[in-house]
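Derivation of every value follows stated rules applied to the coordinates shown; laboratory data play no part. Bear in mind the structure is a predicted one, so any value in this text is a computation, not a measurement. For neighbour counting, all protein chains shown are included, and Cβ atoms are generated from backbone atoms with ideal geometry for every residue, glycine included.
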Amino acid sequence: MHTQHPAQTRALAMPEIVISILHQMDMRTLIAAQRVCHTWADPIRTSRSLQKALFFIPASENSGTDTRVYNPMLAQAFKSAFPSKDLQNSSNAGARIEDIKLAEFDLAKSPAKMEIYLRPEASWRRMLTQQPPVFTVGRFRKGIGQMGLSWYQQKAARQDEGLRMGTLFELLVQLKCYEWHSGFIAICLGGAEPLNTPLNIEGPAQRLFTNEINNDWRVMTANFDLVLMTSSMSTCMDPDSDGSDYTKSIGEAVWEKICETYCKLGLTVTELKMEDYNEGSALWYAWVY
């Protein structure tokens, strides 16, 4: 004998209606919904529109800065890795950049939380950092020493499927101890309309010419979607020494905990390979009165 199903049961059996309902959920709820039943999990994993909404597949090949949308879950969990959009309107060129604070990452709140975050199967690792995605990634390394100012420019291969958070996170982890101890580390979003890139890089002293470094900097931020800027100063203090005068910075301490947790979980940091393509220097003695 045929039994007619209620209207809502029949409606929920239609994938189009289920997908329409799922689109009304926020990201966190949508991810959790996959654990409810196969009726919900299957369309979430197979629907391109839902996968785009979850930042798992690129929404567009257009990487224009005027349409950038941060992954809301990642921007909350890895706060300082996502530059504030208020910086774009700052009249102070030097204030248009902020350093990364590892201690503000959600995973730094406790050792237990860090282990949960750093699991290799954690879904955040596969998420795109933004839509449209970041495709081109570079690094601008600036150093100040006894001879003057030097800089190095590097580029990674194009991220054809978009920059994933796991790749960006491990780009930070692969930095050196001294960089987290006393250096300045920031993520700059460039392109045709840079979000948080200062027009000029200030020199450590007035007697140092910075025209060349600023020209290289402006060209780089215009040509890359994302640039990791690191700036460090040579010091007589050895970060690896056991001297009583050495005090770890907060960022360095969190970075060490991340590295220790990687070792505990048997994980290896996957380095994003960078190719050197330019370098320059401004020497103290080159200045003419």
FRET efficiency (K101, I21; Cβ distance; R0 41 Å; to 0.05) is 0.60
For F184 paired with E121, estimate the spin-label separation in nm (one decimal), with each label point 7 Å from Cα along the Cα-to-Cβ line. 4.3 nm
Express the C-alpha Rg of segment 66-283 as a ratio against the empirical globular expectation 2.2 N^0.38 Å, rounded to two decimals. 1.03
Along the Cα→Cβ direction, 7 angstrom out, place labels at I31 and V69. What is the inter-label distance in nm? 1.7 nm
Gain in span if fully extended, C259 to V219, counting 0.36 nm per residue against the direct Cα distance: 11.0 nm
Would you kindly state how much longer the chain becomes between S110 and Q51 on full extension, computed as 0.36 nm times their sequence separation minus their alpha carbon distance, in nm to one decimal? 18.2 nm
Under a crude label model (7 Å from the Cα following the beta-carbon direction), how far is V269 from K248 in nanometres? 1.4 nm
At R0 = 41 Å, how high is the FRET efficiency between E193 and H38 if r is their beta carbon distance? Nearest 0.05 is fine. 0.40
